[in-house]
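Report on the structure given below.
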Amino acid sequence: MKHSLTVLGALILTALPAVAQQTADSIAPEAESSVAAGFDEVSSAALAALDAKFSGVPVAADSWMVAAANPWAVQAGARVLAEGGTAADAMVAVQAVLGLVEPQSSGLGGGAFLVWYDAGTGEVTTLDGRETAPLSVTPTLFQTSEGEPLRFFDAVVGGRSVGTPGTPRLMEEAHRRWGRTNWSGLFKDAIDLAENGFTVSPRLSALVERDADRLQRFPETAEYFFPGGVAITAGDRLANPAYADTLRQIASKGSSAFYSGAIAEDIVATVRGAPGNPGTLSTFDLSLYQAVERPAVCVPYREREVCGMGPPSSGALTVGQILGMLDRYDLSALGPESPEAWRLIGDASRLAFSDRGRYMADSDFVPVPVKGLVASDYLDERAALLEGDDALPEVAAGSPEFDHALNWAQDESIELPSTSHISIVDSDGNALSMTTTIENGFGSRLFVRGFLLNNELTDFSFRSHANGVPIANRVEPGKRPRSSMAPTIVLKDGAPSLVVGSPGGSRIIGYVVQAIVAHVDWGVDVQKAVAMPHLVNRFGTYDLEAGTAAEELGPALQELGYEVNARALTSGLHAISLGDSLLGGADPRREGIALGK
C-alpha cells in the first residue's frame, strides 16, 4: 500500500535545531574565548562560517573553498589556498591539524582514501592510503583458542588490531602529483598549534570521558588524555610537543621519516609491546608500504557521473549500486516527505549491502566483480525488485557478471563509526574529496610520538570461512581491509558539481546517498542537505535519527513492513557544490565549517 505524509514537509529540509544549537553554544564561545586569550585565533571569516552553518545557510565563494571537521584545520587549509596552493597542498595542512585537534578520528597512525578531479585533464583519479595487514598475520588473528571470534573490544584495544598506517604516504603522494607549495611549509599551522597548545573542543572532551577506561589502559595514552590523572575538558589548552617533533621530521625528510628510522621503530615497539594484546607489525611492514592509485568507480545518475573509491573500499560500489537502482524511479516527484521515496532508498540500500557483504574486499587479493556490480543490465534487474508497494520481506546477494567462478560467503565484519572527511576545491578548479580514519574512536588506544595508532584490522571479518565457504574480506598478510569510506565527486557535463563525503562506519554509504539525493533530486542546497535528519537502512531495520523529524516517518515505515529504530546517527558530512559559485556545507553534528573566498 502506498502512503503519503504531510507532517514532515519543510522540517526535513531544515537543520537539526537541537543538535545545531547545542554545538553552536559549545563551539562559538570557545572560539571567541580563544581569540580573547590570544591563542588559537579564529578568523572573523571562520566565526561567520560557524554562524552560517547553524543558521542553515551555505557558505558562498567564487575562487576556492575547504570544508572539514574542525575550524583550526579548515583555517590551515584556507591559508594554503589563499597563498596559491592547490587542493592537494591544502589537504596536507588540513590533515596535519585534524590529527592534532580531533585525534580520535584520523591522523598519521591511520589511513585514507582520496578522490581527485584534475581541472587540467578532466580526469578523476583515486589514491588508496588504506592500512595493510602485517605480513605475519594468520587467519585466526581475531579468534579465540577455540576458533570463535573475539569480542570486538578485546580485539580492538592493543597492538593486535594495528595495521600499517597509510596516511603519511598518501599525503606525500598527493602532494607529489598535484601540489605546488613547498612541502615543509604545509605543516606550519599544525606544528604551531601542537607546540603552543590548542583549545580542547567539547566533542573531544566528551569522547575522552566516555572512553576513559580504555584510554587509561596504556600509560602513554593516559598521560596525554588524562594529565595528572584528570581527563582533559572543553576549554583546556593542550599542547603536544611530541606531535610537533614528528611533523617536523616529516616536513624535513618526507614520509620516509615516518616509515623508517626512530619513528618506525617506536611504532613497532609500541604495537609489539602492548600489554595483554600485542600485535605483529614490523619495521619491514612499514618500509614496504605504498599508497596505490586505483581506477575510479563512476556510475551514471540523473545525467551525472557519481565517482568514488573502488576496492578495497565498498563505498563507491555500494553508493553507485544504490543510486543506479534509484535512477529508474522518480524521487523528485515523490519528494522527501514521501514514505514511498524512503522505501525505495531503503530497499535499494539493503540490496546493495547484500552484494557488499558477499563480493567486496581488497581486489589485490580476491577477484571483485566491479564492472558487473554496476553494469546497467544488472542494476535494471536489481531495481525491478523494488517495484512492489511494501518493504522487501528479505534480500539476497545477486549474481552480477563475474569473470571468476568463485563462491564467497557473507561477511561478518564489524565497522563502528569514527573517521573524518575533507572536501576542497581550489582556484584552478581542481577538486579533492578525502575520507580519513583510524577506525574506531581513538583507534587501538595506543599513543606514540604524539599520535594514536589505528585499529583498522578489525574491519576484516573475524571469521575466515562460513560453512566451509571462504569470506572475501578475511584477514590475509599484506591485505587491506574492506572499508565503507565513500569520498565522492559528482560530475555534470564532465566537470565537478558536488564534492561530498562523511564519517560514520558502514552508515557512511547511507549518509552520502542521502546527501546526493537531497541535492540532486530534491534541489536542497548543500548546507541543508548535510544537516537533514538521517534515515538509514542497511540490513532491514530502518534507523531513524533520534530527536529529529525523521522519527515522524516511523509509523508509515512500519506500515510498509519495516522494523524501525530511533538512534543517534552522527554523520560528519562536508560538501561543496559547484555552479555559478561555490557553496559549502558543514554537518552541524560535528565541529567543522566551510570556508572560502
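Based on the Stokes-Einstein relation at 4 °C and a viscosity of 1.567 mPa s, and on the Kirkwood radius from alpha carbon pairs, the chain is assigned a translational diffusion coefficient of 55 µm²/s. Protection proxy ranking, highest mean first, for peptides 366-377, 383-394, 332-343: 332-343, 366-377, 383-394, where packing is the per-residue count of other beta-carbon atoms within 10 Å, averaged.
Within straight-line reach of LYS253, meaning a Cα separation under 29 Å, sit the following lysines at least 8 residues removed in sequence or on another chain: LYS188, LYS479. Dimensions of the range 293-352 from C-alpha coordinates, computed as largest minus smallest value along each principal axis and given longest first, are 41, 24, 15 Å.
Within the P(r) computed for the range 205-351, what percentage of the Cα pairs occupies the region above 23 Å? Considering the range 205-351, 65 percent of its Cα-Cα pairs are separated by more than 23 Å. Separation of the range 306-384 and the range 425-464, taken as the distance between their Cα centroids, equals 24 angstrom.
Candidates ALA431, LEU557, GLY335 compared by Cα position along the dipole of the chain: farthest toward the positive end lies ALA431, with charges placed on Cβ. Between the C-alpha center of the range 89-137 and that of the range 265-288 there is a gap of 22 Å.
The lysines within cross-link reach of LYS53, meaning a Cα-to-Cα straight distance under 19 Å and a gap of 8 or more places when in the same chain, are LYS528, LYS597.
Quick check: residue separation of SER260 and ARG302 times 0.36 nm, minus the Cα distance between them. What number comes out in nm? Spell out each step's value before the answer.
Values: separation 42, 0.36 × 42 = 15.12 nm, distance 4.76 nm.
The SER260-ARG302 span can extend by a further 10.4 nm.
Against the empirical 2.2 N^0.38 Å (N residues), the range 495-597 has a Cα radius of gyration ratio of 1.11. Mean sequence separation of contacting Cα pairs (under 8 Å, at least six apart), scaled by the length of the chain, corresponds to a relative contact order of 26 percent. In a fully extended conformation the segment linking GLU209 and THR138 would gain 22.1 nm over its present Cα-Cα distance, using 0.36 nm per residue.
As a rough guide to protection, the peptides 252-258, 481-487, 432-438 ranked by mean Cβ packing within 10 Å, highest first, stand as 432-438, 481-487, 252-258. When each full DSSP H helix of the chain is screened for a Cα extent of at least 24 Å along its own axis and an average Kyte-Doolittle hydropathy of at least 0.0, the helices passing are 17-37.
Could you list log10 I(q)/I(0) for the range 442-550 at q = 0.19, 0.21 Å⁻¹, which the Debye formula gives when each Cα is one point scatterer? So the normalised log intensities are -1.07, -1.13. Extension gain for ARG272-ARG237 works out to 9.4 nm (0.36 nm per residue, less the C-alpha to C-alpha distance).
Kirkwood hydrodynamic radius (Cα pairs, Å) of the range 114-156? Don't skip to the end; give the middle numbers.
Numbers: mean 1/r = 0.0714 Å⁻¹.
One decimal place: 14.0 Å for the Kirkwood radius.
No lab work stands behind these numbers, since they all come straight from the coordinates. What you see is a predicted model; the values in this text were computed from it and never measured. Counting neighbours? That spans all protein chains shown, and the Cβs are built from the backbone with ideal geometry, glycine included.
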